[in-house]
Amino acid sequence: MSGAGALDGRTVRRLSRAISTVEDRADGYEEILSGAYRAPAKAEVIGVTGPPGAGKSTLVDALTAHWAGTGERVAVLAVDPSSPFSGGAVLGDRVRMDRSSDLPSVYLRSISARGEGGGLSAAVCDIVALLDEAEFDRVVIETVGAGQADIAVADAADCTLVVFVPGLGDDIQAAKAGLMEVGDVYAVNKGDLPGAKATVAEINGAIGVAYAGTPGVNKTTAGLITAQPASSPGRLAVLRRHGDPASDSTLWRPPVQLVSARSGDGVPDLAGAVDAFLGWCSESGRPAQRRRSRIRAQMLRTLSAALIAPYQQNAGQAAEDLAGSIERVLASATSPAEAVAELIRRGSR
Amino acid sequence: MTRMLASRRRDLDMEVPDESAGQRSGPAAELIAEEARWRRETFAPDAARAERQRGFVTDCGLEVKPLYTPADLDAIGFDYTADLGFPGEFPFTRGDRGAMNRGEPFVVSAYSGFGEAERCNQRFRTLIDWGAEQILVALDLPTQCGYDSDHAMATAEVGQVGVAVSSLADMEQLFDGIPLDSIKRVGTLGNSIGPIVLALFAALGEKQGIPWANYVVNLQNDPLKEYIARGTQILPAEPAAKLACDAVEWCIDNAPNWSPMTVCVNHINAGGAGSSLGTAIALANAHYYLDDLLARGHSIDEVAPLLHMFADERHDFFVSVANLRALRRIWARRMRERYGATLPAAMALRMTVYGHGQESLQEPLNNISRIAFGTLAYVLGGASYVYIASYDEAVSTPGEQSLKVALRTQQVIASEHGFADTVDPLGGSYYVESLTHGVERQILDALGMIEEKGGALAVIRDGIGRRLMTEGAVRRQKAIDSGQRPWVTVNQRPQKPDVANTAFRIDPGAAIDQVARLQRVRAERDEARVSAALAAVREATASGANVTPSVLEAVRAYATVGEIVEIWRDIFGHFSPSTEF
Amino acid sequence: MTLSNRKIRVLMAKVGLDGHDVGARVVARGLLEAGMEVIYTGLRRTPEQVARAAVEEDVDWIGISILSGAHLTLLPRLRRLLDENGAEDIRIMAGGIIPQEDIPELSKAGVSRVFLSGTAIAEIVDYLMAETVHD
């Protein structure tokens, strides 16, 4: 079983501790990241999202086992929500990871969202850097499945896989609203349930409104230009991600795959669709663009955390300044916006 | 009182009216006014001094009033004829049989098993000698989960929580010198391996030369609750339920006097659901099995008498009585109204119970009285097959001394104090009838919710069951931690755990002897016969036919439990656990 | 300018075939309410699987719920596997049906604490808060 990707216990131990340090922003995390971000970014990052009950964990398990079976070293980051009251969490995704969790080239880590609304922990991008350093070929990020909030995964992933399931009724409509704009590949899980084919057709129909051509890679021709106006933000994002007929020679139309994560039916085809997308990205020069957007998102997150941090301390000049500002707002002497502008101007530390 | 007994149309959906409702007239209104006066003038001044801090709410969530009067019966529209009737007659509230404990008292039963068959056989003989009338074999976890004693998954668990049984040879040893017709009933749980344990008892009867009609086999054979509560599930829920029904169906044709399925509230309640919700989930499971068997073309009058239920309420004495009475009433009505049952046996629910108290590790001898009270409640509620916990059960496999105390406790309840001298002695109590009504409402409401969500399989698949159970378990823990639920020696007059060094030890040689016997069986059996029999099991399983005849043949040929289950795993796959916490 | 938010991480596991997990679930909920991160493994895990999960998840504690009587075999094996993987600092607590007289032997085998049934959740929380050392 142990192939080229197999991990030894000590390496896993070191990696795991580094992830904790980075997640906790504990002493020494900057040094750890400074090394990690200097390692070549090689891992393909696959984001998996979809409404609760779609069987994401089971599908991630099946895909992970599939990729590990082809000799890849695969890491899974399974993100679960945290309690808004205590900040604690019960992370239960391992329960469903029966097929992959024992494989020697698989690393599985449960991550608490730690209050992040986007369904991704603030540290996820940093953790991906650590996994790059540990020479993983692929990182699968499973999100909490909290509907629209999950679109944040699209910023972090090279390929976003959106999982639906037949029979969610109105829920699917609600979830689709956000998710239909982020998917590079769609999967309809529990493909053996009645209505699965109808769900595939429904999603294909929704895709057809924004995309021309056939699922997968299409050569750009005049006939492929749809009537959709290019002005909406969603449309512009799609053009950026999946090709603009005006400037690109090929376009990507997200395919919809029928799959049964439980039985494994359709899993190789789904993995193939993900790889086809990554292949198209690479041929059309998009990976760099994806990574740029990921780093931009992480920079913004890090920047905001760094700016806020001094004000969250219990003591120090910044905390005093903040307390003073609060008093002035309370006393109806200023507005929060004005007070913050003043704080930034003073740049207190 | 004749006013209360007057026949009145009963409306199940009738709301309990507010005490201050002014529409009532005549004696009821006078009584309500009198009770209000009593509360004000006599009760309140006294309660101000004496009433304890905690709220008076049962574990299943019913509020307990300080006093019950005829007005409470009036408020629920109590109707003697429609609600109670007579023992052994519809709706069977007062008992499933006419004479109840005045005729043949409840069956004194023992759930026992440890180590390997030879040592365990001695224990069975001892129990029978002390007066056990039914033996339910406790199997070890590898056996219950479909692994032979030499399987890697069986490591360290062979013989630990029950006796290891891998083949018919183990059963022969286990019942050596104990003819199956020498005790009232015999059986085991076998929830995930129902057809196999059924076949083992059927083949054992053949070996002992006793016709199936001359002994009674009782199985739990209720796989659906394993997925939410007990955890020995092997296959996905649907095929597991199908196999369980195969065992029942075989009995319809071959051993209609057997009792091949016991639908359990016990583990669901203990896991946190509370007795009313637990009963509703168990009823949904029962409906699932019944629907499967009826879809095979059998009549409800053939099928229903083969099922009984394992009721459970271990926190509250009176709720326990009420639960059993309400459950009999619900069952009778459902069998008649939903399925068109006509035979009394198809409407009269027999019940198994396992007497428990809120047992503690602190001063464990106190558990004897706790368990006795819990058991007494079940007997007063009209249970038929009574098991009882041993006082040291919370700490380890019970030893002989504590088993003996347990059996004697049952015998005391059966014969002393006059507990068993009249039928349904608490019937008609204002409190017990109010509780019976309240519990019945809770069960029916929860069952309605479950049926709306899609029934038994949805409870498992969508994680509803586990979610509700976790919430309930957390609520119970908090009630104990906060002292709201009093527990003597734990949160009242707290003591350190003081379990003496008497834990019963499984002889480490047992597992070695068991594996040796298994390997001897494999070496000596007719391999060609085993292969042919296992091929037939595979064919029957794959074709969807009843697997029991082929399993019986395989068992006769000394095919092992693990070999048969491996075929099922191969065809149906493993269960996929819910991530619901 | 470090803003550390170290969380106590606990792996809750069932080893062996015993399927009664209500105790584990109640404890997990209590730890969550105390702000800890609890990783739940599900039923029927081998000591090998639990040790691997504990290392991957970099937990401070492993909580083992065991009612099947196999504790004297399975817990020492888990300890050994952790130590072999350089995870000497991941500590084990156990609960369930464990005879008191077995506790000294379990302590000797490297089980830090046995919580007998009936233990208040607050006692477990307090213990973990006091005992967890983040280097």
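As a ratio to 2.2 N^0.38 Å, the alpha-carbon radius of gyration for region B:314-443 is 1.16. When Rg and the Kirkwood radius Rh are both evaluated on Cα atoms of chain B, their ratio Rg/Rh stands at 0.98. The angle between the Cα long axis of helix B:464-481 and the main principal axis of chain B comes to about 60°, on a 0 to 90 degree scale. Based on every Cα atom in region B:415-534, Rg and the maximum pairwise Cα distance Dmax equal 25.8, 67 Å.
Shape class of region B:219-273 from the Cα gyration tensor (axes a ≥ b ≥ c, square roots of the eigenvalues): oblate, since a/c reaches 1.5 or more and a/b does not exceed b/c. Cross-link reach is defined here as a Cα-Cα straight distance under 20 Å, omitting same-chain residues fewer than 8 places apart; for B:LYS242 the lysines meeting it are B:LYS225. Would region A:8-106 count as rounded, prolate or oblate if I go by the C-alpha gyration tensor, calling it rounded below 1.5 in a/c and otherwise prolate when a/b exceeds b/c, oblate otherwise? Taking the square roots of the gyration eigenvalues as a ≥ b ≥ c, region A:8-106 is oblate. Per residue of C:95-102, other chain Cβ atoms within 10 Å of the residue Cβ number 5 on average.
Scoring A:291-300, B:476-485 by mean Cβ neighbours within 10 Å over their residues and listing the highest first yields B:476-485, A:291-300. Summary of packing: across the peptides A:88-97, B:505-514, the per-residue average of other C-beta atoms within 10 Å ranks them, highest first, as A:88-97, B:505-514.
Since only B:LEU447, A:VAL274, A:GLY213 are under comparison, the one whose Cα sits farthest along the positive direction of the charge dipole of the protein assembly as shown, derived from C-beta charges on Lys, Arg, Asp and Glu, is A:GLY213. Between the amide H of C:ILE66 and those of C:GLY95, C:GLY96, C:ILE97, distances stay under 5 Å, these residues lying 5 or more places away or on another chain, with hydrogens modeled in the peptide plane.
Shown here is the pair-distance distribution of region B:322-373: with all Cα-Cα distances grouped in 5 Å bins from zero up to the longest one, the shares run 4, 18, 17, 13, 10, 9, 9, 8, 6, 4, 0 percent. The calculated P(r) of region A:9-303, using every Cα pair and 5 Å bins from 0, goes 1, 5, 12, 17, 19, 17, 14, 8, 4, 2, 0, 0 in percent.
Annotation: chain C has a Kirkwood hydrodynamic radius of 14.8 angstrom, from the mean reciprocal C-alpha pair distance. Under 15 Å Cα to Cα from B:LYS184, which aspartates and glutamates show up? Leave out anything in the same chain fewer than 8 places away. Counting by Cα, and skipping residues close in sequence, B:LYS184 has these aspartates and glutamates nearby: B:GLU104, B:ASP129, B:GLU133.
Output the 0 to 90 degree angle, nearest 10, between the alpha-carbon long axis of helix B:509-524 and the longest principal axis computed from the alpha carbons of chain B. The answer is roughly 50 degrees. Angle, helix B:317-337 long axis vs. longest principal axis of chain B, Cα atoms, 0 to 90°, nearest 10? So the inclination is approximately 70 degrees.
Across region C:73-128, Cα-Cα pairs farther apart than 19 Å form 31% of the total. In terms of its Cα atoms, the protein assembly as shown spans 91, 85, 65 Å along the principal axes, sorted from long to short.
Given axes a ≥ b ≥ c from the Cα gyration tensor, I'd like to know whether region B:245-362 is rounded (a/c under 1.5), prolate (a/b larger than b/c) or oblate. Spell out each step's value before the answer.
Values: a/c = 2.29, a/b = 1.86, b/c = 1.23.
In terms of gyration-tensor shape, prolate.
The packing ranking, built from the mean of other Cβ atoms within 10 Å per residue, places the peptides A:307-319, B:547-559, B:338-350, B:262-274 in the order B:262-274, B:547-559, B:338-350, A:307-319, highest first.
No value in this document is a laboratory result; all are computed from the given coordinates. Keep in mind the model is a prediction, meaning the values are calculated, not measured. When we count neighbours, we look across all protein chains shown, and the Cβ atoms used for this are built from the backbone with ideal geometry, even at glycine.
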